[in-house]
Amino acid sequence: MFHHGVRSHTDLSAAIYLYRPGDGGLDRVAILLANHMARRGMAVELWMAHLDGVSAHLIDPRVPVRRVAALGGNRRMSMIGQFPALAAMVRRHRPDILYSAGNQSNMLVALACVGTATRSVARISNPILRPGMGDLASWTRLKRFRAINRISDLTIVMGEYDRALLSRSGAVRLLPRPTVTPVMERVRRQRRPRDADAPVQMLMVGRLVEQKDHATALEALARLSHVDWRLTIAGDGPLRAALAAQANALGIADRVILAGYVADPERLAELMGQADLLLQPSRWEGLCATLIEALACGAGVVATDSTPNIRPVLAAAGQHPPVPIGDSAALARAIERTLASPAPVPLMEAAIRDHGAARALDAYVAAFAELIPSPTPVMLPSPALP
């Protein structure tokens with residue numbers, strides 16, 4: 001249980017709500033934040049609906065974990081049903097901050113804090129407006145996000161585009177994504193010059209689902225039969241069999257390795273350190289953690305225009321501009337051009353410096369602290385005076 005008293009802003013208490021420790025970027029950020037605060041000696045807990053998941057092993061043993069009672073059914077309905085339990089936990093444990101790991105839980109977290117001294121912090125983990133959305137769908141989605149922002153004490157966004165969309169509906173902070181770890185920095189330093197006679201090593205990282213659009217990347221690579229390339233796909237999901245069948249139909253199955261989900265962060269960093277190029281063909285993204293991670297490990301990146309938030313990062317890192325979503329021909333051309341003129345590694349390093357995990361997580365904690373009123377000093381009478 002959290003205890004309050006006179007304290008400095010560095011020892012605030014926080015509960016981090018995460019539905020399940022899964023394989024997504026928002027899950028890793030939530031766990032990184034909890035671990036970081038615990039290592040700084042702060043009072044922090046993880047509150048989760050489900051304690052099992054592929055990234056559960058990443059939780060620092062110093063972080064207490066509490067289960068939020070959840071009903072059955074799909075994720076969205078389960079979250080709605082959690083409101084009474086989460087609201088009761090806020091009132092019982094009274095954390096200074098209740099942080100939402102991502103889009104789906106932002107409303108739940110904000111409502112659970114209403115009427116309490118606990119400050120709710122939302123985080124935009126996927127784009128507010130997705131590329132290709134119709135006018136009505138965009139209007140409806142934007143209204144919903146702005147309504148959530150109004151009842152949240154703070155919303156953290158990962159790009160200027162999202163900040164502009166929410167700027168008139170409540171408190172918004174643009175903070176770097178806590179992504180680049182010391183392991184990635186070590187991998188970059190140990191990177192060897194590319195062997196011109198070796199096959200070009202391509203990498204894709206992400207769940208095998210429609211959003212990540214691995215299919216377009218396979219079509220693009222099939223157009224590059226004159227290039228000696230190999231592709232590793234790190235990730236798992238419902239489209240695994242379909243992607244394997246597609247690679248076989250395109251005649252490139254012998255060049256593609258479906259490596260499955262890589263749970264070990266060090267192993268994933270090693271894969272990025274061995275890659276010449278990361279392919280990020282997503283249909284929509286919030287910022288693309290894997291894009292930043294790959295640049296941190298010294299790999300080039302070719303990405304689709306899945307969010308305006310990635311454009312400044314790619315430009316600063318000297319990468320090819322993002323290509324249209326679902327355009328395999330444009331993706332193939334971008335791959336060829338990037339291989340022909342790779343950006344210098346120091347340029348890539350400079351572009352992602354602000355995304356260093358410790359530095360970015362400290363910015364999160366500082367933003368939390370600004371929400372908590374400083375204790376009011378009490379004037380005590382001097383014992384020397386009557």
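Filter segment 61-83 for residues that are part of a helix (DSSP H, G or I) and over 16 Å from Ala15 (Cβ atoms); which is modelled with the highest pLDDT?
Step one: list which residues in segment 61-83 are part of a helix (DSSP H, G or I), which gives 75-81, 83.
Pick out the ones that are also over 16 Å from Ala15 (Cβ atoms) and you get 75-78, 80-81.
On the way: Arg75: 82, Arg76: 82, Met77: 85, Ser78: 87, Ile80: 87, Gly81: 90.
Selected residue: Gly81.
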- How many of the residues in segment 197-226 are part of a loop (DSSP other than H, G, I, E, B) and either acidic (Asp, Glu) or within 20 Å of Met272 (Cβ to Cβ) (or both)? 7
- Query: Which members of segment 253-272 meet the condition of being charged (D, E, K, R), under 23 Å from the mean Cα position of the chain (by Cα) and outside any loop (DSSP other than H, G, I, E, B)?
  - Reply: Glu266, Arg267, Glu270
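Collect the residues in segment 135-161 that are in contact with a Leu (Cβ under 8 Å, 6 or more places away or on another chain), part of a helix (DSSP H, G or I) and closer than 27 Å to Pro373 by Cα, keeping them in residue-number order.
Of everything in segment 135-161, those that are in contact with a Leu (Cβ under 8 Å, 6 or more places away or on another chain), part of a helix (DSSP H, G or I) and closer than 27 Å to Pro373 by Cα turn out to be Phe145, Arg146, Asn149, Ile151.
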- In this structure, does Ala367 turn out to be assigned by TED's automatic domain parsing to the domain that holds Arg123, touching a strand residue (DSSP E or B) at 6+ places or on another chain (Cβ under 9 Å) and modelled with pLDDT of 90 or more? yes
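Residues checked against (1) surrounded by 14 or more Cβ atoms within 10 Å (Cβ to Cβ); (2) outside the structural domain of Gly24 (by TED's automatic domain parsing); (3) in contact with a helix residue (DSSP H, G or I) (Cβ under 7 Å, 6 or more places away or on another chain):
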| site | (1), (2), (3) |
| --- | --- |
| Pro193 | no, yes, no |
| Val200 | yes, yes, yes |
| Val205 | yes, yes, yes |
| Leu208 | yes, yes, yes |
| His214 | yes, yes, yes |
| Glu219 | yes, yes, yes |
| His226 | no, yes, no |
| Leu231 | yes, yes, yes |
| Gly235 | yes, yes, no |
- Residue set Ile59, Ile80; condition buried (at least 16 other Cβ atoms within 10 Å of the Cβ), farther than 15 Å from Phe368 by Cβ, in the same structural domain as Tyr19 (by TED's automatic domain parsing) and not hydroxyl-bearing (Ser, Thr, Tyr); output residue Ile59
- Message: Quick check on my filter: what residues within segment 171-187 are without any contact (Cβ under 8 Å) to a residue 40 or more places away in the chain and assigned to a loop (DSSP other than H, G, I, E, B)?
- Response: Ala171
- Would segment 47-54 turn up any residue that is modelled with pLDDT of 95 or more, closer than 18 Å to Arg20 by Cβ and in contact with a Pro (Cβ under 8 Å, 6 or more places away or on another chain)? yes
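Give the residues of segment 273-292 that are among the hydrophobic types (A, V, I, L, M, F, W, C) and outside any helix (DSSP H, G or I), sorted by residue number.
Across segment 273-292, the qualifying residues are Ala275, Leu277, Leu278, Leu279, Trp284, Leu287, Cys288.
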- Query: Any idea how many residues of segment 310-325 are among the aliphatic types (A, V, I, L, M), within 20 Å of Pro346 (Cβ to Cβ) and assigned to a loop (DSSP other than H, G, I, E, B)?
  - Reply: 1
- Query: Could you list, in sequence order, the residues of segment 298-353 that are modelled with pLDDT of 95 or more and among the hydroxyl-bearing types (Ser, Thr, Tyr)?
  - Reply: Thr304, Ser328, Thr338
- When you look at Ala241, is it small (Gly, Ala, Ser), farther than 24 Å from Pro127 by Cβ and in contact (Cβ under 8 Å) with a residue 12 or more places away in the chain, yes or no? no
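The values are calculated or read from the model by the stated rules, or taken from the named source; none is laboratory data. The structure presented is a predicted model; accordingly, all values stated were derived computationally and were not measured. Quick reminder, even Gly has a Cβ in these numbers, built from the backbone with ideal geometry, and neighbours come from all protein chains shown.
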